[in-house]
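Undergrad: Quick one: the structure is below, questions incoming.
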Amino acid sequence: MSKLDKAIASLESVASIGEQHFHETDEQARSLLQRARVRVSTTGDATIAVFAGATGSGKSSLVNAVVGEEIARVAPTRPTTSSPLAISSRDVGASLDVLDIPHRYISPAAPENLVLVDLPDIDSTEEANRREAARLIKQADVLVWVLDPQKYADAVVHEDYLRTMTEHVKVMLVLVNQIDKVPATEREGLLKDVTALLAREGLKLDVQPVSAVTGEGVAALRERLADMAAKKRAGLERISADIRTYAAGYQGRIENEGGSEPRSRKLADFSPVARKIAKGAGANIVIDAAGASYIRRGKKSTRWPLTRWIGSKVDPLARLHLGSFKKKEISVEGEQAIGASSVRASASARSAASAAVRRYTEDASADVPRPWRRDILGDSQAHTDTLLDSCDQIIQQTDLGQNAHPLWWRLVNLLQWLSTLAAIAGLVWLLLIHFGEWLKIQLPDPPMISIVPLPALMLVGGLVLCLLLSLLSSVFIKRGAKRLRKRITKDMTASITREARGHILDPLEASLKDYAQLWADLAYLKKVQL
Amino acid sequence: MSLPEALENLRRVLAGMAFPVPSAHAEDAEEIRKDIVHQLEDYILPRYASLDAPLIAVVGGSTGSGKSTLVNSLLRQHIARASAIRPTTRRPLLIHNPEDAHWFTDSRVLPGLARVSGQAEGESSHNELALVTSEALPQGLALLDSPDIDSVVEENRRLAFQLLSAADLWVFVTTAARYADAVPWVMLDEAASRDIVIAVVLDRVPLGDAPAVRADLMARLGERGLGNAPLFVISEGLDEDGLVPRDNIEPLRGWLEGIARDAGARANVARQTLSGAVDKLLSGQELLMTGANEQVAIVSQLRGDVEHAFAQAEKEITAGLADGTLLRGEVLERWQEIVGTGDLMKRLESGVASVRDRLSAIFRGRGKDRDFVQVEEAIEDTLLDLIVSQAEEAIADTQLAWEQRGGTRDCLVQASAGLRSHEERYNAGARLVREWQRELLEMIGNEGQSRRATAKILSWSVNALGAALMIVIFASTSGLTGGEVAVAGGTAVLAERVLEAVFGDDAVRRMSTKARESFLERTREFLGTDSSPFEQALEDIGEVGLWRDALAQAFEQATREK
């Protein structure tokens, strides 16, 4: 890919991104693109040099002097030249057609591969002249600025043209014509003043004194123009200077609108916002209920079997119409559950969630210029409602662990039953030992474990074991509930983030990516050298 | 009121106003305003004050047209600095007869420029006026060598325009190379529109070109309505002193001297120029009023945007308090965890006595205090979310509305810089809600003191009563739907019963009304903190409405006197 192709691609990207996000056609980029494409097809054509300047500066005389033939009309009344005149050594019709210059003259004396164009003035009362000059100054390859001792500090040439062309130094010649009219003693000071004036405007170049009358400096000028024509670089240089100017101006406008260099292409973590959204949708209640339900079920499985019936009959989740345990009920209760009252968000929680999304978007788009940023914020705000609406459903669909029944619950349950049975067996045995006489049952002495009789050990040991199991389990159940709550929170946050991806984060990311691309393209184009 | 008084009044009004907000005509109106103030101060008012003062002839024109050389040639001495380096003249130079000195040394004319005597050394400045005396100049006429009207130095252009506005008489200098330039013709058109006395000097005409150029220039002057202005042609070339040869300059010198010598002619010139200047000045009224009206309209739109956004926020908050939607979610849920659900209420309503006992048990239970604190916290959270998010929404709405108005960037940037951060706002909101809750609990405590119920209250948990009161405050059910009404309504009734049991109906109603109003009052203050940067930005613009009215009145007076 050639440099020019790369620049065209970049410029195209800038234009389309900019047009998409700023909602207006980028005329400047479009015309630059067109010229750049024409440049691709016409490399090797003649170099076009325009002679531009104020009325009375002697542009026509100078063109005549450079060619060595009286072609352009010269007169004392102002302004003299009202339409551009092109002079070349051979027919270069195609290039001049593009530039729309009808007045053409072929002079074998002109330098080769060069078209000299005598422009109308840039400052007279004839508006058509000023327009025509401006049009061709925009399109020429080489700009020859013809100043003169009277007018070199006029505002027009500096403010309308030179100040805006700081990138064009390579394709620009600045001449002070009519140098013969300046007394020899003031000459050097004058040239120094012109050079300093241009330097203050950001143009570092040599100012050449010339005189169409005495011929001073004319040969050197002709040689420089011929040299530029022979190198055939001026056309590309001009385009690159225009592109650099365009890119710098574009960046300036972006900065003017509060834009700055994109910091990072990565979006910040969305989960704090997702948690806020979840809270707004009533997730806390659901999570608390899920935790309480876990504890309730855990205790029911692991507490002493004989007292299990004590305690709340209603599962906290069932009260919220969530996590119905029987499949049959889900279809019936589920219908209602979606609109179920308790978990609906309050208005304030909802607007707090929407404010959190806004803050997130604002932070993410802090370096985007204002009009574009306004669109980003508007889009995100518009989709926030959809996101909040879908949160109810997300919460309903999250696995609340209502069917969890860990293996250790069953083991503890089994142990509780075994210990209980052992205790009961011990008790019965003891009773039989003590009251056996009444029933006419004679039991042998119970076996002794150390000094304790086995039945007593069974009774006391069984009860102690039950108590220990209950205490130990409740510690683990609380821990399990905490883990469950954490897991549900994580799941909900993840689901909400996933939902937000499609509605808010992806478009936001795409927009920020576009902006980063635009900035990168401009940074490249600002320095482009073709 | 005389015309000069009316004009002085107009000057005062114009000097005190501005067009700070960008609008379609703001820039143009501001230009005109500055020009008119300058012209009134520099020329019109002093000229009215002393019609017999010497005339000021400004020598003005393009850079490099030889103005300074021309002045020197008229006086036959090197007073003004002339050079090939452009622009030469930066500090204007006023040359007058020694006898006329007293007219110029004080700040009667051009009060904005500091007087410097003669060819002072050092950096020349655009805020100074050099005074030089010359016997060669007749009494009654002063020459003002002005900077150029079209140079690359912007201050020169501004100053030149100001000086031309302050002149009784223009000596307009152009050259053979320049006479078709666009910029000088803008000035000449201005001269024609003001009916000022003007002489045109065509300088630096190459030998032999004079007839063609003269004819061309005459035709142009005729087209622009300046056909009566005398035209003096001076050909290229200077004598050995570096001055225009005597013969060449004589016609211009003679014309100027003719005016200076004849008091009647002088008065005519002064009157003609003065009257033209006043007419021209009054014709600026339309643009100035358009500009002022735009300012008033924009500022009132911007103010409307702020008011609308924040009124909306206040409305939302009030509605949120009133319609019960605040109870939705966590608050309701936590409350129900404590007091159970609907069946309790049903039994309560059917008047089963034991239910009250059970309620009392709930509310008195020490272990339950933490649960009531949880309810209060849930309410705190909800209220905090409500006010902070509504304030932020109002801010965002205002910013968006202002941005869409266009041209308000400075106001917007200023206002946005004055906003508190989200953290500050959140903390302030949290403080507000806590203070309000504290006030509520105090209110309950105070209510208790005034009654025999003190003992009863003490046996209840203050937190429980506080939570109940908050529930009652937010429990209007109009914003809830279906099942919610049943639950929330039940909840509220429950809370209300408890409170009534302690305080009696009146007190409950009074307390809830007072608490709600106190909350809204605090909220208004809270929102005010966020709207004030916007209002401040508009205030800094100033009272555009007052300016507009004063301006219209001043113009009306001046026009009537004229």
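Undergrad: When segment B:152-164 is examined, which residues are found to be within 14 Å of chain A (Cβ to nearest Cβ) and in contact with a helix residue (DSSP H, G or I) (Cβ under 8 Å, 6 or more places away or on another chain)?
TA: B:Val152, B:Glu154, B:Arg157, B:Phe161
Undergrad: Right, here's the next one. Considering only segment B:374-409, state which residues are free of Cβ contacts under 8 Å to residues at least 12 places away in the same chain and among the acidic types (Asp, Glu).
TA: Correct list: B:Glu377, B:Asp385, B:Glu403.
Undergrad: Do the conditions hold for A:Asp521, that is, is it in a helix (DSSP H, G or I), surrounded by 15 or more Cβ atoms within 10 Å (Cβ to Cβ) and either in contact with a helix residue (DSSP H, G or I) (Cβ under 7 Å, 6 or more places away or on another chain) or aliphatic (A, V, I, L, M) (or both)?
TA: Considered against the rule, which asks whether it is in a helix (DSSP H, G or I), surrounded by 15 or more Cβ atoms within 10 Å (Cβ to Cβ) and either in contact with a helix residue (DSSP H, G or I) (Cβ under 7 Å, 6 or more places away or on another chain) or aliphatic (A, V, I, L, M) (or both), A:Asp521 comes out as yes.
Undergrad: Restricting to segment A:24-69, and then to whatever is part of a loop (DSSP other than H, G, I, E, B), within 26 Å of A:Ser124 (Cβ to Cβ) and in contact with a Ser or Thr (Cβ under 7 Å, 6 or more places away or on another chain), can you tell me which residue is nearest to the other protein chains (Cβ to nearest Cβ)?
TA: Filtering first and then ranking leaves A:Thr55.
Undergrad: Give segment B:203-253 a look and list any residue that's at positive phi and within 14 Å of chain A (Cβ to nearest Cβ), or say none.
TA: B:Arg204, B:Gly208, B:Gly237, B:Gly242
Undergrad: Looking only at segment B:23-34, how many residues end up being touching a residue at least 60 places away in the same chain (Cβ under 8 Å) and surrounded by fewer than 18 Cβ atoms within 10 Å (Cβ to Cβ)?
TA: Qualifying residue count, segment B:23-34: 3.
Undergrad: Could I ask something else about it? Give me the helices (runs of 4 or more DSSP H) completely within segment A:302-368, filtered to those with at least 2 residues that are modelled with pLDDT of 55 or more, ordered by residue number.
TA: A:316-319, A:347-364
Undergrad: Would you mind telling me which numbered condition in (1) of a type in the set (Phe, Trp, Tyr); (2) closer than 16 Å to B:Ser300 by Cα; (3) at pLDDT 90 or above B:Phe555 fails?
TA: (2)
Undergrad: Residues of segment A:377-415 being within 14 Å of another protein chain (Cβ to nearest Cβ) and under 21 Å from A:Gly480 (Cα atoms), which ones?
TA: Residue satisfying the conditions is A:Ile395 alone.
Undergrad: When only residues in segment B:124-146 that are of a type outside the set (S, T, N, Q) and farther than 24 Å from B:Glu250 by Cα count, which is nearest to the other protein chains (Cβ to nearest Cβ)?
TA: B:His126
Undergrad: Check segment A:149-165 and report whether any residue there is modelled with pLDDT under 95, at the interface with chain B (Cβ under 10 Å from one of its Cβ atoms), more than 49 Å from the chain's Cα centre (by Cα) and on the phi < 0 side of the Ramachandran plot.
TA: yes
Undergrad: What number goes with the only condition from (1) more than 23 Å from A:Lys138 (Cβ to Cβ); (2) touching a helix residue (DSSP H, G or I) at 6+ places or on another chain (Cβ under 6 Å); (3) more than 9 Å from chain B (Cβ to nearest Cβ) that A:Glu188 does not pass?
TA: It is condition (2) that A:Glu188 fails.
Undergrad: Here's something else I'd like to know. Please verify whether B:Arg224 is surrounded by fewer than 18 Cβ atoms within 10 Å (Cβ to Cβ) and of a type in the set (Lys, Arg), treating the condition exactly as stated.
TA: Yes: the conditions hold for B:Arg224.
Undergrad: Of the residues that make up segment A:494-509, is at least one in contact with a Lys or Arg (Cβ under 9 Å, 6 or more places away or on another chain), touching a residue at least 12 places away in the same chain (Cβ under 8 Å) and surrounded by fewer than 20 Cβ atoms within 10 Å (Cβ to Cβ)?
TA: Within segment A:494-509, one or more residues are in contact with a Lys or Arg (Cβ under 9 Å, 6 or more places away or on another chain), touching a residue at least 12 places away in the same chain (Cβ under 8 Å) and surrounded by fewer than 20 Cβ atoms within 10 Å (Cβ to Cβ).
Undergrad: A further question follows. Quick one: which of A:Leu400, A:Leu411, A:Leu421 is surrounded by fewer than 15 Cβ atoms within 10 Å (Cβ to Cβ) and in contact (Cβ under 8 Å) with a residue 24 or more places away in the chain?
TA: Matching residue, one of A:Leu400, A:Leu411, A:Leu421: A:Leu421.
Undergrad: Residues being in contact (Cβ under 8 Å) with a residue 12 or more places away in the chain and either within 7 Å of chain A (Cβ to nearest Cβ) or over 10 Å from B:Gly61 (Cβ atoms) (or both): count how many of those fall in segment B:165-182.
TA: Final tally of qualifying residues: 12.
Undergrad: Could you check segment B:3-22 and list, in sequence order, the residues that are crowded, with 20+ Cβ neighbours inside 10 Å and assigned to a loop (DSSP other than H, G, I, E, B)?
TA: B:Met17, B:Phe19, B:Val21
Undergrad: Here's another thing I want to ask about it. Consider segment A:197-232. How many of its residues are under 15 Å from A:Lys170 (Cα atoms) and within 14 Å of chain B (Cβ to nearest Cβ)?
TA: Of the residues in that region, 5 qualify.
Undergrad: Next question. Please enumerate the residues belonging to segment A:105-132 that are among the aliphatic types (A, V, I, L, M) and part of a loop (DSSP other than H, G, I, E, B).
TA: Of everything in segment A:105-132, those that are among the aliphatic types (A, V, I, L, M) and part of a loop (DSSP other than H, G, I, E, B) turn out to be A:Ala109, A:Ala110, A:Leu119, A:Ile122.
Undergrad: Find the residue count for segment B:309-347, including only residues that are more than 13 Å from chain A (Cβ to nearest Cβ), in contact with a helix residue (DSSP H, G or I) (Cβ under 8 Å, 6 or more places away or on another chain) and modelled with pLDDT of 70 or more.
TA: Qualifying residue count, segment B:309-347: 3.
Undergrad: I've got another one for you. Looking at this structure, is A:Leu530 within 39 Å of the chain's Cα centre (by Cα) and surrounded by 17 or more Cβ atoms within 10 Å (Cβ to Cβ)?
TA: yes
Undergrad: Exactly one of (1) away from chain B (no Cβ under 13 Å); (2) surrounded by fewer than 23 Cβ atoms within 10 Å (Cβ to Cβ) is unmet by A:Trp145. Its number?
TA: (2)
Undergrad: So A:Pro447 clears everything in (1) within 14 Å of chain B (Cβ to nearest Cβ); (2) surrounded by fewer than 16 Cβ atoms within 10 Å (Cβ to Cβ) except one condition, right? Which one?
TA: (1)
Undergrad: Name the residues in segment A:192-211 that are surrounded by fewer than 18 Cβ atoms within 10 Å (Cβ to Cβ) and closer than 19 Å to B:Ser83 by Cβ, would you?
TA: Selection gives A:Lys192, A:Thr195, A:Ala196, A:Arg200.
Undergrad: Take A:Ser31 and decide whether it is surrounded by fewer than 17 Cβ atoms within 10 Å (Cβ to Cβ) and either modelled with pLDDT under 90 or within 20 Å of the chain's Cα centre (by Cα) (or both).
TA: Answer is no for this residue.
Condition check ((1) outside any helix (DSSP H, G or I); (2) in contact with a Lys or Arg (Cβ under 9 Å, 6 or more places away or on another chain)) across all residues:
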{"position": "A:Leu162", "(1), (2)": "no, no"}
{"position": "A:Val169", "(1), (2)": "no, yes"}
{"position": "A:Leu190", "(1), (2)": "no, yes"}
{"position": "A:Leu197", "(1), (2)": "no, yes"}
{"position": "A:Thr214", "(1), (2)": "yes, no"}
{"position": "A:Ala219", "(1), (2)": "no, no"}
{"position": "A:Met228", "(1), (2)": "no, no"}
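The values are calculated or read from the model by the stated rules, or taken from the named source; none is laboratory data. As the structure is a prediction and not an experimental result, all values here were calculated from the model. Positions of Cβ are backbone-derived with ideal geometry, glycine not excepted, and every protein chain shown enters the neighbour counts.
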